[in-house]
Ligand SMILES: [Zn+2]
């Protein structure tokens, strides 16, 4: 089978590639064996760590104490540290507590913002989103579909971007107060293929074709557009209501 990233033969005994990285949530959703060759699978693994550095994602992972590849909760991800007893979270100096109030039916509500660490690599993060979205399309439409030439540009972008190359994406809070311990993918509508990648309470919109109309589509769906000129994402505001 040909690899959907480098288009070379994946060889006789290729390993398993996950659709959604296990660095986010442990899962069994994988691509057919050989859809991604071992070399690409290994090389694209560096994108996983950029994904978990997003402030909203690292906070949710630490809040739930989700295990990483070594199968235990991680002490520190992005701007959020977690004590080993699992009862305390330490936000880096990039976080600001905006307030705690009791206005929601007697329940306490905490609002805070977390900025990404200076080391958060937005270029890698953008590619990581497109990587997951192309994996998803291969899973639902088949690997031969994503081997078609209209995906040559995105496979090149994910694998070997030009220096400083940045593609659009959109992000929004999609879940209200309930934060699911899950990540999932779906298409915005059946066609064309704008992909929504839900990670805990955050949703990201990706266009694998990198079309000019992205901003209008994203804004009409309530996504904030992170355009190619943006070098740092704004701080993420989170709101938690006591159970
Ligand atoms: Zn490959």
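The values are calculated or read from the model by the stated rules, or taken from the named source; none is laboratory data. Not measured: the values here are computed from a predicted model. Note: ideal-geometry Cβ built from the backbone for every residue, glycine included; neighbour counts use all protein chains shown.
From (1) surrounded by fewer than 24 Cβ atoms within 10 Å (Cβ to Cβ); (2) farther than 16 Å from residue 40 by Cβ; (3) in contact with a strand residue (DSSP E or B) (Cβ under 7 Å, 6 or more places away or on another chain), pick out the condition that doesn't hold for residue 126.
The number of the failed condition is (1).
Is there any pair linking a residue in segment 66-84 that is within 21 Å of residue 42 (Cα to Cα) to one that is part of a strand (DSSP E or B) and modelled with pLDDT of 80 or more, with Cβ under 9 Å and at least six apart or on different chains, and which?
Listed pairs, sorted by first residue: 67/73; 68/77.
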